Each structure stands twice: as structure tokens, then as C-alpha cells.
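A quick write-up on the structure given underneath.
Only the coordinates and a few stated rules stand behind these numbers; no lab work does. Computed from a predicted model, the values in this text were never measured in an experiment. Cβ coordinates were reconstructed from backbone atoms using ideal geometry, including for glycine residues, and neighbour counts include every protein chain displayed.
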Amino acid sequence: MLLDIHLGETANLTLTYKLYDNSVSELFYNRIKEQENNIASRTQFYNFDESENDVKNKLDKIVNQIKSKYPNLLDSDSTDDLNTLHINFPKYHENATGHLKKLLQDFNYTIHHLENLQLNKNRNTKRFLFACADDGVDLPADAYDMFTPKKQFGELYMNYPHVGKHFFEVFLDKDFDVPAEQIQLTNKMCNGLYAWLGDDTYQERVNYMRLRGAMMMFYQNIKDKIGLEWGDPKLTIGYLPLGMLQNKQDVEHVIHNKYIHSWTCR
């Protein structure tokens, strides 16, 4: 099972992924093979050539558009007001349509991009992701044991399919005050992809065990908001791996082709 992702306005760069030989990757492959080859608006490229100022300027432009067109939603650019909009993004996004929905998606992506740059100044965290217009299916039982917080260069994962925050994201943000309704544990398989092109993470056993210990301590503080016991696979901690990039030498060209054109299954 090979999945070609074509990048660039004229599809002049193709990254080829070989999907893993298991029933979960096979189900994903069969579903995206039948999916209309049309990318939804949540196409995102992180940390290829953007500076912190570049992303701040982009965020300012989006905020000014929201203030101008939807003054009741955001009437200032104070830190408190931006935080309120960020915290309530799932609620606003659920009720929004048309241009407002697109602006809110851009706002959410851009503020996450800025946070990522600020937290990872000396690390390679390049990746791109996209989602399709797909309601998804229930996550197969076999998939729950496959989720991992580890990432390795060139690995392909299912894109997070929900509006909200999964447990690992809540943990990384140290978001003790996250509203319970915004914690959305992964329970759907949807046609969306997350391509990691950054440094390997938590591959060494000692680092991974430290991570698990820190997550368990964090979990104790928010467990009442989750309703599952620590160790339950349905916590779906991290990412669902699907396959591995075959032509890793072509990654250097992604910076000049930051556009998802289409995909091909073969």
C-alpha cells in the first residue's frame, strides 16, 4: 500500500509513503482511496521558513479581520481577549459558517503555530497536516493500542479528527484549567494526515519513561474531567502511526512547495 502526497501548486513534488502492514493502516488506505480528492481548509505547514515575527504579523492580520467583521466576537486585541477566543474556539467554531469559520480556523492554526515556535526555538519540528471533508468511522478496536507519543522523522500519522484537544496536547500545554468538554479523546478514524518531518522524539527509553511519569502525574490533576483510568487505551495518548516516508531525501524541497495539491493511492 503506497500513498503519494503531491505538493506544490503544480504537484511538482511527490512524497511517497509506504503504509504499515496491519488492518488499521489498511482500513485507512481503503477509506482515503475512495475519498474525493479535495483538501479541506485545515491545511497547515509548520516551521519550514517562518520566523516568530512572520507568524505574529499573520495573527495580527487575522485578528484585525475578526475585529472588523465580527466585533461582538472579539472587540480588542488584549492578551486576555485573545486567550478567551482561543479557549472558546471549539464553541465558536461549532456555530460558525462561511467566512467566519475560515477565519477562526486560521486563527486557531496561527496561534498554535506561534506557541510552537516559542516553545521549540532550538528544535526541528517541521510537519504538515491536512483534513478532508469526512465524518469518519468509529476507530477500530485494534487501533487503540497503537497510539504513541513518540514521533520519528518521516513517519506518517492520522491527523487528529476532532475539534478540541486530545490528552497529549492538554499535557504538553500543561493546561490544568481546560474545560472538560474541550478534551476530545480520539475515537474516530477520519481521512486526514499528519506528516512529521522533524527530529525524533522520546525514542530513548529513559526519556520515554520520564515522559510517561510526568503524564501520569499530570493526569491525576485532571482525571475527573476525563472519566477513564490511567492505562486505559482509550486515552489514545499521542498519534496513530500509519506508514513511513520512502523518499526522505526529498524533504528539503518541501519548503518551496507548501501546498497540498492532491494524493494518489497505489
(request) Could you run the Karplus curve 6.51 cos²θ - 1.76 cosθ + 1.60 with θ = phi - 60° over region 132-140 and give me ³J(HN,Hα) per residue in whole Hz, x for Gly and Pro? (result) 9, 6, 8, 6, x, 10, 4, 4, x
(message) Can you list residues from other chains, or at least 5 along the same chain, whose modelled amide H is less than 5 Å from the amide H of Phe153?
(response) Asp200
(message) Just to confirm the filter: which GluC sites (Glu not before Pro) across region 1-61 are DSSP coil and have at most 14 other Cβ within 10 angstrom of their Cβ?
(response) Glu9, Glu36
(request) Quick one: Debye curve from the alpha-carbon atoms of region 164-266 only, equal weights, vacuum; give me log10 I(q)/I(0) at q = 0.15, 0.19 Å⁻¹ to two decimals. (result) -0.82, -1.09
